[in-house]
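Q: Sharing a structure with you now.
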Amino acid sequence: MTHPTSHLRPNWACLRVEHETLYTYSVPVEQALHVACLRPLSDPGQTLRQFDMAVHPYPAQHHTRTDSHGNSRAHFALHAAHSELCVTAVSEVFVRERYGSLHPSQGPTCAEVRERLRYRSHAPFEPASEYLHASPYVPMLPELRAYATESLQDERPLAEAAIDLMQRIHRDFTYAPASTDISTPVLTVFAQRRGVCQDFAHLMLACLRACGLAGRYVSGYLLTVPPPGQAPLVGADASHAWLSVWVPGLGLKQADDWLDLDPTNACIPSLHHMRVAHGRDFGDVTPLRGVIRGGGEHTLLVRVTTRMLSEGVGEPAGAPTWGDALARELE
C-alpha cells in the first residue's frame, strides 16, 4: 500500500557522521592541551539525537563548555607521553527543512537591513552586528565591496540579492582541492579565482560585511551521494563550510532570521547539510586545535563518513524535541 504522504517531498532526515582525526608524531608529545568543536548544534532547525566523542589516549582532564556563539567545545589535557592522538566523534542528528517556504523576492531590502545594523548612539544592541565587522580570516577589502555591489543593490530584497551573489561566486570561481590552505588570504583567492569551500565561505562573508551586512561562517558536514550502482566510500567525505546571512523578518519558523547559503554548490542548504558550529570565521569553529610540548614532526589524517539513516514527512517518530536536546546540553 502506498503511504498517503509518499508523494510529498521529505522535510526531515536523520544523518549519522563519523569524524576521525589522527595525529602521528615523530617523537613523543610530553604535554598537550586541546579544544574540540565537533558536537553538532541543537536548535529549531536540527536536533541532536546522539553524540559520542572518544579520545585516545584517554585524557587526564576534560570538560565541556558553550562558547559565546552557542557552540559546544570540549577541552581536554594529556599529561602522559604519547606518539599518537586519535579523536573520534560520532553524531546522529535530525535535520529539518528550514527554507521550504522561502520567497527570496520578499522581505527587507539590502538598504533596510544595512540601516538596521548601523550603529546609533543609545539604540538597542542588535546581536547580529557581531558578524558585521572584519575578523582574522575575513578582512574588509574595497575590491570585494566592488564585486559584491553588483548583487547587493540597495533596493533589492536581501535574500534575493544574497542568493544572486552566491550564484555569481559559484560561476566565477573554480573549486580546486589543495589549491589553497587555511593561511591563503581572501584577496589571493579572489585574484586566482579558485579555492575550496572554506575559501568561498570567507570570500562571500567578506563581500557581505564590506557592504554593511552581517554574515557568519558555518561549519558542518554534507551528505554526498555516490553514483548509481556504487557503494558509498567509507571515510571519503569531508568537513564542509558555508555561511549564513542575517535577513530579519524571514518569517520561517525554524530559520531564526539567518539564511544559510552554500556558494561551493550554489544551493540553499537543506536535509543533506548538518551544522556543527558557527562563528565569525573558521578560527571560531576549528574542529580540533591545541598546544603541545614535544612531538617533533607530525602527520595528520582525517576521515569523515556521512550516512542518511532515514528521512520522511512530518515529525520523525521518537525524535527528541529541541527543548529536550537543550536540557541534555545543560545537564
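Q: Starting from the Cα-Cα distance between Ser183 and His62, subtract it from 0.36 nm times their residue separation and give me the gain in nm to one decimal.
A: Value of the extension gain: 40.6 nm.
Q: What does the charge dipole of region 12-156 about its Cα centre add up to, to the nearest 20 debye, if the Cβ of each Lys and Arg holds +1 and the Cβ of each Asp and Glu holds -1? Please report the intermediate quantities before stating the final value.
A: Values: 13 positive and 17 negative charges, 67 e Å.
Magnitude of the dipole: close to 320 debye.
Q: For the pair Leu33 and Ser129, how long in nm is the line joining their label points, each one 7 Å along Cα→Cβ?
A: According to this spin-label approximation, the distance is 3.3 nm.
Q: Measure out, as a whole number of angstrom, how far apart the alpha-carbon centroids of region 237-311 and region 105-180 sit.
A: Cα centroid of region 237-311 versus Cα centroid of region 105-180: 19 Å apart.
Q: Another question, if that's okay. Would you calculate the separation in nanometres between label points at Leu309 and Asp164, each defined as 7 Å from the Cα along the Cα-to-beta-carbon direction?
A: 4.3 nm
Q: I would also like to ask the following. Using only the Cα atoms, work out Rg/Rh for region 1-156, with Rh taken as the Kirkwood radius, to two decimals. Could the numbers behind the result be given before it?
A: Working: Rg = 22.6 Å, Rh = 20.7 Å.
That ratio is 1.09, to two decimals.
Q: Determine the dipole magnitude for the chain: charges of +1 sit on the beta-carbon of Lys and Arg, -1 on that of Asp and Glu, nothing else is charged, the reference point is the Cα centre, and the result goes in debye to the nearest 20.
A: Details: 28 positive and 35 negative charges, 27 e Å.
Here the size comes out at about 120 debye.
Q: When only C-alpha pairs under 8 Å and at least 6 residues apart count, what is the relative contact order of region 110-284, in percent? If you can, show how the numbers build up before the last one.
A: Details: 290 pairs, mean separation 47.0, N = 175.
Computed over region 110-284, the figure is 27 percent.
Q: On full extension of the chain, what length is gained from Ala191 through Glu115, given 0.36 nm per residue of separation minus the C-alpha to C-alpha distance? It would help to have the intermediate numbers written out before the result.
A: Numbers: separation 76, 0.36 × 76 = 27.36 nm, distance 3.06 nm.
Going from the current span to full extension adds 24.3 nm.
Q: Say R0 is 22 Å: what FRET efficiency, to the nearest 0.05, do Asp256 and Asp154 get from their beta-carbon distance? Walk me through the numbers before you get to the answer.
A: On the way: r = 25 Å, r/R0 = 1.14.
The calculated FRET efficiency here is 0.30.
Q: Sticking with this one: Can you say what percent of the DSSP beta bridges in the chain, counting only those with both residues inside, are antiparallel? Round to 5. Could the numbers behind the result be given before it?
A: Working: 78 of 81 bridges.
The answer is about 95 percent antiparallel.
Q: Further question: Which of the listed residues, Met53, Ala231, Thr174, is farthest toward the dipole's positive end in the chain, when Lys, Arg count +1 and Asp, Glu count -1 at the beta-carbon?
A: Thr174
Q: Three principal axis extents, largest first, for the C-alpha atoms of region 124-266, in Å?
A: Its Cα atoms span 53, 38, 25 Å along the three principal axes.
Q: Additional query: Can you name the helices of the chain, as whole DSSP H runs, whose Cα span along the helix axis is 15 Å or more and whose Kyte-Doolittle mean is not below 0.0? All intermediate terms of the calculation are to be shown ahead of the outcome.
A: On the way: long enough: 158-172 (21 Å, -0.15); 197-210 (20 Å, 0.84).
Qualifying helices: 197-210.
Q: Additional query: Note down the relative contact order for region 117-207 as a percent, whole number, built from C-alpha pairs under 8 angstrom at least six residues apart. If you can, show how the numbers build up before the last one.
A: On the way: 70 pairs, mean separation 28.4, N = 91.
This gives 31 percent for region 117-207.
Q: May I pose another question? Given labels modelled 7 Å from the Cα in the Cβ direction, how far is it in nm from Gln230 to Thr286?
A: 3.4 nm
Q: Got a sec? How would His170, His75 order by Cβ neighbour count within 10 Å, fewest to most?
A: Working: His170 19, His75 15.
Ascending number of Cβ neighbours within 10 Å: His75, His170.
Q: Let me ask something additional. Can you tell me, using C-alpha contacts under 8 Å and at least 6 residues apart, the relative contact order of the chain as a whole percent?
A: Numbers: 722 pairs, mean separation 102.9, N = 331.
Reported relative contact order: 31 percent.
Q: If you don't mind, another one. Which value at 222 nm does the chain reach when only helices count, each DSSP H run of 4 or more adding -39,500 (n - 2.57), with the total divided by all residues and rounded to the nearest 500 deg cm²/dmol? Each step should come with its number before you reach the end.
A: Numbers: 6 runs with 61 residues, N = 331.
For the chain, the value works out to -5500 deg cm²/dmol.
Q: Now, a different point. Can you give the extra length, in nm with one decimal, that the chain gains between Asp52 and Ser26 once fully stretched, where that is 0.36 nm per residue apart less the Cα-Cα distance? Mind dumping the intermediate values first?
A: Values: separation 26, 0.36 × 26 = 9.36 nm, distance 2.87 nm.
Length gained, Asp52 through Ser26: 6.5 nm.
Q: Where in the chain is the longest stretch that carries no chymotrypsin sites (Phe, Trp or Tyr not before Pro) classed as loop by DSSP and with at most 15 other Cβ atoms within 10 Å?
A: On the way: sites that count: Tyr119, Phe125.
In the chain, the maximal stretch lacking such sites is 126-331.
Q: Quote the Stokes-Einstein diffusion coefficient, in whole µm² s⁻¹, for region 247-307, based on the Kirkwood radius over alpha carbon pairs, a temperature of 4 °C and a viscosity of 1.567 mPa s.
A: 83 µm²/s
Q: Among (1) 20.7, 64; (2) 23.9, 101; (3) 18.6, 57, which one is Rg and Dmax of the Cα atoms in Å computed from these coordinates?
A: Recomputing Rg and Dmax of the Cα atoms in Å here gives the entry labelled (1).
Q: Here's another thing I want to ask about it. Which listed residue (Ala161, Ala128, Met140) has the Cα farthest towards the positive end of the charge dipole for region 113-181, taking +1 on Lys and Arg C-beta and -1 on Asp and Glu C-beta about the Cα centre?
A: My answer, from the dipole projection, is Ala128.
Q: Only Lys, Arg, Asp and Glu count, each charged at its Cβ (+1, +1, -1, -1), so figure out the dipole size of region 153-261 about its Cα centre, rounded to 20 debye. Walk me through the numbers on the way to the answer.
A: Numbers: 8 positive and 11 negative charges, 39 e Å.
Dipole about the Cα centre, nearest 20: 180 debye.
Read-outs throughout are calculated quantities, based only on the coordinates presented, and are distinct from any laboratory measurement. Since the structure is predicted, the reported quantities are computational estimates derived from the model, not experimental observations. Cβ coordinates were reconstructed from backbone atoms using ideal geometry, including for glycine residues, and neighbour counts include every protein chain displayed.
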